[in-house]
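What follows is a short report on a single structure.
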Amino acid sequence: MPMPLAEMIAASNAPAVLVRRDLHRYPETAFLEYRTASRIAAYLDHLGFAVRTGREVMDAEIVIDPPSREQVEDARRLALAAGGDATWMERMPDGLTGIVADYRFGDGPVVAFRFDMDALPVSETEAETHKPNAEDYRSRFDGRMHACGHDGHVGIGLALARRLAQEKGLAGTLRLIFQPAEESARGAAPMVAGGAVEGVDHLFVGHLGCLLPSGKIAASAVGFLFSSRFAVTFRGAVAHAAMGPQEGRNALLAGASAALGLHGISRFSGAETFVNVGVLRAGTAFNIIADTCEMLVEVRANKQAAHDYMVERLHAVIDGAATMHQCAADTVRKSHMPGNENSPEAVALLAEVASGLPGVTEVLPEWSIGGGDDACLMIRRVRETGGTATYCIIGSDIPAVHHAADFDIDENALETGVALFAGVAQRLLRTRE
């Protein structure tokens, strides 16, 4: 069984890499990050941080699709067997695995950094050339993998905690936020509602890779898409496909018609719009008319007006398909991500710090990622309450695109991330007179 992080890190000259590899071996998906979160909490408590978790930092009432009791029990059992901390897991009921940890140096601003910690339902490649295979830290959990770099983000966060907790002469409060369920865009909203960013004066969020090469840093990530995800259930009536088809109401055909209609939505001038039906599931046998059909669909756009248009047309297409086949349709929004706007002051500060770091070959004012991250909700809340915030990209060479089975990161970029965030924190946590 792996030893606690405090013991592992104490003897390490590369704590970010060590933590990253530890997490890569044991990836956990949305709201089931019990091993990950409990080990993080235990280590931060060891360093002297005031650690809050569970209902202290997450509003359970607005969690979308929380895990079942059976899923939570299975995740806790696996986590415990793999070195999770039982005491901290007890403080994380019902999948509420978010963490807020404060280290108070004295009076002054609250400077926060957010790190996501969930993995993906991806089976890691077995190729011998894949570095986690070659160096024996591939995923131990079948069908799950850190295929987006969140293991590296946590590594940066804990190495940052270790470095700054040893600093002398600072003032203010360092806040580290570890968020679950980023990949499904469901983790940030409960944390915002739970007060995770209340009182924060400056917030910084970073992501490794995103097609930005190693040695480069982008002070402002742009191109975040407005997006909404929906679960749709078409309900019809079952019947024999030959003896009484007129008695049936074919939910499968309603779903198929909707899928084609959704991908045929007219474009919106002056904006980029996207739609994808990712799941369509129906039917039980060759000769039975399907009475239910389940669909998962998302729409995205680079402008609010275009996003709203796509959502409006989505509902119209789904309702029309259901009516055409004499079915009913239940449409439930599963997540929503807004676009993002970074604070010029935070962007400028981060760029200035990055320009003085060894190994950084170029600092870009912005980098378009064309995706989404629900950390935008945290950024928006901090800015609404008078603070500053930015989302940056830390360059890392990657052998495959994010979410691929052979995705990996350049571990040299982890120390760059630690140095960047430490420099930002040191600038903002003012030295005592």
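Structure notes:
- Selection within the stretch 56-72 - out of contact with any Phe, Trp or Tyr (no Cβ under 9 Å at 6 or more places or on another chain) and part of a loop (DSSP other than H, G, I, E, B): V57, M58, D59, I64, S68
- Hey, D142 without any contact (Cβ under 8 Å) to a residue 40 or more places away in the chain and either in contact with a Ser or Thr (Cβ under 9 Å, 6 or more places away or on another chain) or not in a helix (DSSP H, G or I) (or both) or not: yes
- Number of the exception - E90 against (1) out of contact with any Phe, Trp or Tyr (no Cβ under 9 Å at 6 or more places or on another chain); (2) in contact (Cβ under 8 Å) with a residue 24 or more places away in the chain; (3) more than 21 Å from A188 (Cβ to Cβ): (2)
- Of all residue pairs spaced 6 or more apart or on separate chains, those with beta-carbon atoms under 6 Å, a first member in the stretch 277-302 that is under 21 Å from E183 (Cα atoms) and a second member that is part of a loop (DSSP other than H, G, I, E, B) are R300/L225; A301/A271; N302/L225; N302/A271; N302/E272.
- Given (1) under 21 Å from the mean Cα position of the chain (by Cα); (2) surrounded by fewer than 24 Cβ atoms within 10 Å (Cβ to Cβ); (3) not charged (D, E, K, R), number of the condition H150 does not satisfy: (2)
- Screening S396 on (1) more than 25 Å from D201 (Cα to Cα); (2) polar (S, T, N, Q); (3) modelled with pLDDT under 95 shows it passes everything except condition (3).
- Matching residues, the stretch 138-164, being touching an Asp or Glu at 6+ places or on another chain (Cβ under 8 Å) and over 22 Å from I393 (Cβ atoms): R138, S139, F141, R144
- Scanning the stretch 93-118 for residues that are aliphatic (A, V, I, L, M) and in contact with a Lys or Arg (Cβ under 9 Å, 6 or more places away or on another chain), we see that the one that is nearest to G187 (Cα to Cα) is L96.
- The residue of the stretch 122-147 that is surrounded by the fewest Cβ atoms within 10 Å (Cβ to Cβ), among those that are more than 14 Å from Y26 (Cβ to Cβ) and in contact with a helix residue (DSSP H, G or I) (Cβ under 9 Å, 6 or more places away or on another chain), is E128.
- Comparison of A30, A75, A101, A37 shows that the only residue that is buried (at least 20 other Cβ atoms within 10 Å of the Cβ), part of a loop (DSSP other than H, G, I, E, B) and in the same structural domain as G152 (by TED's automatic domain parsing) is A30.
- The residues of the stretch 351-406 that are hydrophobic (A, V, I, L, M, F, W, C) and over 18 Å from the mean Cα position of the chain (by Cα), listed by number, are A351, V353, A354, L357, V360, V363, L364, W367, V382, I398, A400.
- On inspection, S368 fails the criterion of being of a type in the set (S, T, Y) and within 21 Å of F178 (Cβ to Cβ).
- Selection count where residues are in contact (Cβ under 8 Å) with a residue 60 or more places away in the chain and surrounded by fewer than 17 Cβ atoms within 10 Å (Cβ to Cβ), scope the stretch 337-351: 1
- Close contacts from the stretch 212-241, counting a first residue that is under 30 Å from H325 (Cβ atoms) and surrounded by fewer than 18 Cβ atoms within 10 Å (Cβ to Cβ) and a second that is at pLDDT 95 or above and basic (K, R), with Cβ to Cβ under 7 Å and a gap of 6+ residues or different chains, come to A237/R249.
- Evaluation of A321 against (1) in a loop (DSSP other than H, G, I, E, B); (2) surrounded by 22 or more Cβ atoms within 10 Å (Cβ to Cβ); (3) not assigned by TED's automatic domain parsing to the domain that holds G215 (one fails), failing number: (1)
- Number of positions in the stretch 1-27 that are surrounded by fewer than 18 Cβ atoms within 10 Å (Cβ to Cβ) and touching a Gly at 6+ places or on another chain (Cβ under 6 Å): 2
- When the criteria are applied in full, S257 fails the requirement of being surrounded by fewer than 18 Cβ atoms within 10 Å (Cβ to Cβ) and of a type in the set (G, A, S).
- Residue that is of a type in the set (G, A, S), touching a Pro at 6+ places or on another chain (Cβ under 9 Å), crowded, with 24+ Cβ neighbours inside 10 Å and farther than 24 Å from S228 by Cβ, where the choices are G417, G395: G395
The values are calculated or read from the model by the stated rules, or taken from the named source; none is laboratory data. Just so it is clear, the structure is predicted and the values come from calculations on it, not from any experiment. Neighbour counts run over all protein chains shown; Cβ positions are idealised from the backbone, glycine included.
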